[in-house]
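Chemist: Structure below; questions to follow.
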Amino acid sequence: MKRNGTIERTAAQIKLGHPGPRLLTLKKAAELLGLTDWAMMSRIRVGDIPVVRFHGGRKTYIDVRDIEKFIERNKMTFA
C-alpha cells in the first residue's frame, strides 16, 4: 500500500486478472503495455488513451478498461 492509501497492482497481476484498483499510474500502465513512459505519454497526447485527473490534482491515472480498449482497437492479423 502506498502512502496515499492506494494499492497498485503489478503488470503480472493485471494480466492474470487479479482484482485490484481500476486506476493505474502512468508508469504502471506503460509497463503493462510494454511501452516507455515517453511512448505512453505520446499515446495520451494523440488521444489514443484517455486519462483521469482528480479536481485540483496533478497526478495522471489511466483506467485499466481504457487500456483494454486500446489493446482491442490495435489488434490485427497478418494473412
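The values are calculated or read from the model by the stated rules, or taken from the named source; none is laboratory data. Here the structure is a predicted model, which is why all the values come from computation and not from measurement. Here the Cβ is made from the backbone with ideal geometry for all residues, glycine too, and neighbour counts use every protein chain on show.
Chemist: Could you tell me which numbered condition Asp48 fails, if it satisfies all but one of (1) of a type outside the set (Val, Ile, Thr); (2) modelled with pLDDT under 90; (3) over 11 Å from the mean Cα position of the chain (by Cα)?
Modeler: The one condition Asp48 does not meet is (2).
Chemist: Still on this model: If I ask for residues that are assigned to a helix (DSSP H, G or I) and surrounded by 12 or more Cβ atoms within 10 Å (Cβ to Cβ), which ones from segment 40-67 would you list? Steps first, answer last, please.
Modeler: Narrowing segment 40-67 to residues assigned to a helix (DSSP H, G or I): 40-45, 64-67.
Passing the criteria: Met40, Met41, Ser42, Arg43, Ile44, Val64, Asp66, Ile67.
Chemist: For the list (1) over 13 Å from Ile62 (Cβ atoms); (2) at pLDDT 95 or above, I need the number of the one condition that His18 fails.
Modeler: Looking at each condition in turn, His18 falls short on (2).
Chemist: Which pairs have Cβ atoms under 9 Å, sit 6 or more apart or on different chains, and link a residue in segment 53-79 that is free of Cβ contacts under 8 Å to residues at least 24 places away in the same chain and of a type outside the set (D, E, K, R) to one that is surrounded by 14 or more Cβ atoms within 10 Å (Cβ to Cβ) and part of a loop (DSSP other than H, G, I, E, B)?
Modeler: Every condition considered, the pairs that remain are Asn74/Asp48.
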